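Please read the structure below before turning to the comments.
Each value in this text was obtained by applying a stated rule to the coordinates, not by laboratory testing. For clarity, every value in this text was computed on a predicted model and none was experimentally measured. Here the Cβ is made from the backbone with ideal geometry for all residues, glycine too, and neighbour counts use every protein chain on show.
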Amino acid sequence: MLMPAIASESNTVGRFLSLPSVRTAIAGYLIVVGGTYFFFLRHVGNDEGLERVADQLMHYVTPVLFMIDWLAFVPKGHVPLTIIGSSLIPPIVYGIWTVVHGSRSGWYPYPFLNMKALGYHAAFVNMATVLVVFTTVAVILVVVDRLMGSVRQSVR
């Protein structure tokens with residue numbers, strides 16, 4: 001959220017992270033992260049003390065703050081439809097890593113992706129469901145971007 005402000009626009013990283021499409025993709029990832037944590041993972045594990053506070057800040061506060069930032073500061077009406085497909089690349093790569101790493105180590109990062117416990121069919125169905133959620137969130141964000149962009153243009 002702060003990288004575009006920290007890394008100037010003359011910097012390649014700053015320019016990339018300032019792109020409305022990149023910020024929209026990140027907003028989508030954080031919506032999915034926050035929702036997944038809230039609905040499926042908040043009672044998994046036994047974090048206590050500062051670890052619990054950090055966990056809740058990362059999974060509840062960060063997504064909300066980023067959405068406020070996205071709504072207020074990211075220029076609207078500039079996100080191409082192609083972001084819907086390209087924003088799926090990181091989750092797909094992560095899914096492939098999860099399958100490969102998990103099959104070799106026996107460790108899976110989330111219970112709903114644990115192929116050892118669920119079996120391959122159920123875990124792949126869960127992975128496909130997660131991709132549908134990512135796609136749906138991306139579509140919604142593009143629609144919101146377009147609507148906010150047209151409202152701002154009509155106000156001018």
Hey, among S150, S154, S103, S86, which residue is farther than 23 Å from F39 by Cα, within 19 Å of the chain's Cα centre (by Cα) and among the small types (G, A, S)? S86
W70 passes all but one of the listed conditions (1) in contact (Cβ under 8 Å) with a residue 12 or more places away in the chain; (2) among the aromatic types (F, W, Y); (3) more than 28 Å from L2 (Cβ to Cβ); the exception is number (3)
Those helices (runs of 4 or more DSSP H) completely within the stretch 16-81 that have 3 or more residues that are closer than 30 Å to Q153 by Cα and under 13 Å from the mean Cα position of the chain (by Cα) are 20-36, 62-73
Looking only at residues in the stretch 110-125 that are outside any helix (DSSP H, G or I) and surrounded by 13 or more Cβ atoms within 10 Å (Cβ to Cβ), which one is nearest to the chain's Cα centre (by Cα)? Y110
Within the stretch 134-146, track down each residue that is touching a residue at least 12 places away in the same chain (Cβ under 8 Å) and either surrounded by fewer than 16 Cβ atoms within 10 Å (Cβ to Cβ) or among the small types (G, A, S) (or both). A138, V139, R146
